[in-house]
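What follows is one structure encoded as structure tokens, with my remarks underneath.
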Ligand SMILES: Cc1ncc(COP(=O)(O)O)c(C=O)c1O
């Protein structure tokens with residue numbers, strides 16, 4: 001058996017190597033490295049795939065989020081609702097723009113902005129300064145956008161969807177990132193649609209927002225050297241666009257491979273542990289498809305492994321590593337506990353002195369989640385080996 005990898009980009013690219021080589025060659029031949037035709041072609045093809053009016057490429061997913069918030073015209077001190085359990089970029093750009101991240105909790109089974117944990121107390125977090133909400137579609141599945149839209153309508157908030165991990169997923173038949181005002185994605189190499197370097201994009205159905213986004217991503221100019229807005233330099237590289245356009249044709253096939261691998265994991269893990277006494281497999285929401293950017297389980301604690309510094313999840317991770325099985329912890333700290341956000345972020349306790357543990361699901365998940373190998377070329381015998389190792393661990 002080949003070595004088990006967390007992700008296998010070489011395997012993915014080997015199958016389409018000729019198409020990729022020829023796309024890269026044509027960019028080199030054209031020498032149009034900045035804003036070349038493949039950028040427009042890819043933006044149009046992705047817009048068609050998503051069923052959205054505008055796709056605007058940019059340099060990476062973090063920039064996409066920053067540009068989205070800039071395009072909404074938020075003022076320093078405005079507040080933005082954001083989940084505490086996500087990748088740092090989602091909240092980092094809020095703080096970077098001198099806005100205030102206000103953190104709410106996530107559903108402990110879907111990891112998302114979804115259900116009671118996210119919405120029960122959201123009214124307490126809203127002030128006259130609250131201007132936007134940034135739901136994240138973590139690990140490949142959509143947040144509950146009906147509930148997000150209801151909050152946004154009630155308080156007149158803009159919705160920026162972070163679909164960096166869920167490109168291609170559907171929320172009730174609409175593609176992730178195309179439900180709110182602006183969708184933001186990343187083409188980081190390991191993403192559902194990954195380039196060969198950095199890349200990102202914004203999606204919107206709003207013509208005026210699209211124009212503003214294009215300007216901001218291009219130094220605030222519409223006419224060369226006439227700068228109407230303060231912007232930034234954030235372009236999707238032509239070489240990346242050419243590669244992404246090739247890979248876009250295969251995206252649905254890639255997503256199917258991920259779903260197939262996930263179904264195998266879930267079948268084997270549930271057969272071993274039907275009552276989820278040790279490992280909870282991912283829950284699929286009825287309002288969203290799941291594209292399994294990550295296959296993330298929740299590892300329950302056993303008394304013998306818990307110390308001040310470790311938990312069963314950490315011990316299992318080490319046990320798998322000893323058997324040549326990689327795994328990852330996305331994410332080991334909720335954003336509210338990250339040093340960088342000290343004094344910058346708010347949570348329910350800052351609005352209501354009777355509140356406590358308002359982010360307890362995010363804290364629990366940070367200590368219990370484990371992401372297992374997941375990619376588009378993961379063979380069934382490798383999944384079997386991974387699950388056998390998990391079984392061996394819990395039979396000890
Ligand atoms: C949820 C989420 N948001 C934003 C980003 C930022 O994307 P990038 O790495 O392209 O800046 C990522 C990428 O890792 C992500 O997973």
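No value in this document is a laboratory result; all are computed from the given coordinates. What you see is a predicted model; the values in this text were computed from it and never measured. Please note: Cβ atoms are built from the backbone with ideal geometry, for glycine as well, and neighbour counts cover all protein chains shown.
Using the alpha-carbon centroid of each, what span in Å lies between segment 50-86 and segment 294-362?
26 Å
Could you order peptides 220-232, 94-106, 329-341 by the average number of other Cβ atoms within 10 Å of their residues, highest first?
94-106, 329-341, 220-232
When only Cα pairs under 8 Å and 6 or more residues apart are kept, what is the percent relative contact order across the chain?
22 percent
If you average the alpha carbon positions of segment 157-182 and of segment 218-275, how far apart do those two centres end up, in angstrom?
So the two Cα centres are separated by 12 Å.
Packing-wise, with mean Cβ within 10 Å as the measure, how do 64-71, 46-53 rank, highest first?
Output ranking for 64-71, 46-53: 64-71, 46-53.
Once you have the Kirkwood Rh of the chain from its Cα pairs, apply Stokes-Einstein at 37 °C and 0.692 mPa s and quote D in µm²/s.
For the chosen part, D equals 151 µm²/s.
Going highest first, how would you order 150-160, 274-284 by mean Cβ packing within 10 Å?
150-160, 274-284
Let a ≥ b ≥ c be the square roots of the eigenvalues of the Cα gyration tensor of segment 157-225; is it rounded (a/c under 1.5), or, if not, prolate (a/b larger than b/c) or oblate?
Here segment 157-225 falls in the oblate category.
Where both partners of a DSSP beta bridge lie in segment 139-213, what percent of those bridges are antiparallel, to the nearest 5?
Around 65 percent of the beta bridges assigned by DSSP in segment 139-213 are antiparallel ones.
Out of all DSSP beta bridges in the chain, what portion is antiparallel? Express it as a percent rounded to 5.
Expressed as a percentage, antiparallel bridges in the chain total about 60.
By its C-alpha gyration tensor, with a ≥ b ≥ c as the square roots of the eigenvalues, how is segment 252-395 shaped: rounded for a/c under 1.5, else prolate for a/b larger than b/c, else oblate?
prolate
What full-extension length gain, to one decimal in nm, is calculated for residue 5 and residue 300 as 0.36 nm per residue of separation minus the Cα-Cα distance?
103.8 nm
Round to a whole angstrom and tell me the spacing of the C-alpha centers of segment 1-21 and segment 96-130.
Measuring centre to centre over Cα atoms gives 38 Å.
Given the rule -39500 (n - 2.57) for each run of at least 4 DSSP H residues, summed and divided by the residues of the chain, what is its mean residue ellipticity at 222 nm, to the nearest 500 deg cm²/dmol?
-11500 deg cm²/dmol
For segment 100-197, what's the radius of gyration and Dmax over Cα atoms, in angstrom?
My reading of the Cα-based Rg and Dmax gives 13.6, 43 Å.
Remind me, what semi-axes does segment 299-379 give for its equivalent ellipsoid, largest first in whole Å, using sqrt of 5 times each Cα gyration tensor eigenvalue?
So the equivalent ellipsoid measures 30, 16, 11 Å along its semi-axes.
Output the Kirkwood hydrodynamic radius of segment 35-154, Cα pairs only, in Å rounded to one decimal.
Computed over Cα pairs of segment 35-154, the Kirkwood hydrodynamic radius comes out at 15.6 Å.
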